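Structure first, commentary second.
Each reported figure results from applying straightforward, stated rules to the coordinates on display, with no laboratory input. Everything numeric in this text was worked out from a predicted model, so none of it was measured. Neighbour counts run over all protein chains shown; Cβ positions are idealised from the backbone, glycine included.
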Amino acid sequence: MQEETNEIKEIIKEDIWGSIKEFLNMGIHLGEGDKSIHLTIGLLLMLCVAFVVTKFLLRWIRYLLTRKMETEDKQKFTSVFKFTNYFIYLVVVLITLSAAGIDITLLITASAALFVGLGLALQELFQDILGGILIIVDKSLQVGDIVEVDGKVGKVFEIKLRTTRAITRDDKVVVIPNHKFISDIVFNYTQNHRTTMEKIKVGVAYGSNVELVTQILEQVAAEQKMVLKNPKPFVLFDDFGDSALLFSLNFFTNDSFAGPRIKSAIRFNINTKFKENNVTIPFPQRDVHIVPQQKPQE
């Protein structure tokens, strides 16, 4: 019995296990000695197993970190987490190759110049991705915010890792690179709250009843539907202009994205009320005095 058991062990060790090792060692063998590279079936299987294990670990970690987050925050975190996955997979590949006996120092050295050149070429791309991560992490920009970038006003409807998309007041989609939000001056109309103050300037002729003008402007603002009653609109006597008395109507609204339409409606009503009350909006005037030139005496 002992001899039969030894024979079975030798068969398993030499025939079956030997065949498996021979199969796993099949592949491409380059070089000799310490600098040799062996791309075998066993190495590919090891990489596959490492990828599968890493994938399940990353899913488990993401679940632990996002299980108590709200849906919007969870989506933002997932976008950042996907970006870090690429770096983690690269590290796993290098560790697996090193564990398989491949000297990765030569591979890293050979690709260093490539990485430097690639980094310079994709510098702006990396800035966009970094900007996207900062936006998602510190919540400096959120969906629904109204921003002004390079003179364009838009309402943000999508924030991605590299770009932010907003729709302008004329229903056009503007794609904003995320590095704009960390390198340029950006006006966020709704960062603190949804209520914003708007202003309309108007001039009336000298000699006009300033109390009546103030009353008309306040009445027009009170009758406008999209103007808030609280905080209350107010009128300022700004200055004595060259040809007019300058006033400004200041009001508050919860929809600053529709600001131009609100201002247009108010201007229509101001013009109507001024005509009804004989208030004149002057045009610029210049007085020219002609001094006659005296003829020289003979």
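Data table
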| quantity | calculated |
| --- | --- |
| Label-point gap, in nm, between I61 and Q224 - each point 7 angstrom along Cα→Cβ | 5.3 |
| Contour minus Cα-Cα distance for L212 and L130 (0.36 nm per residue) | 23.9 nm |
| Theoretical gain in end-to-end length, D255 to V52 [0.36 nm per residue, Cα-Cα removed] | 68.1 nm |
| Gain on full stretching of the segment that runs from F237 to R267 - 0.36 nm per residue minus C-alpha separation | 9.1 nm |
| Around P177: net Lys/Arg minus Asp/Glu count, Cβ-Cβ under 9 Å | 0 |
| Rough spin-label spacing in nm, given labels placed 7 Å along Cα→Cβ, for E158 and K172 | 1.9 |
| Relative contact order (%) - criterion: Cα under 8 Å, at least six apart; region: the stretch 196-276 | 41 |
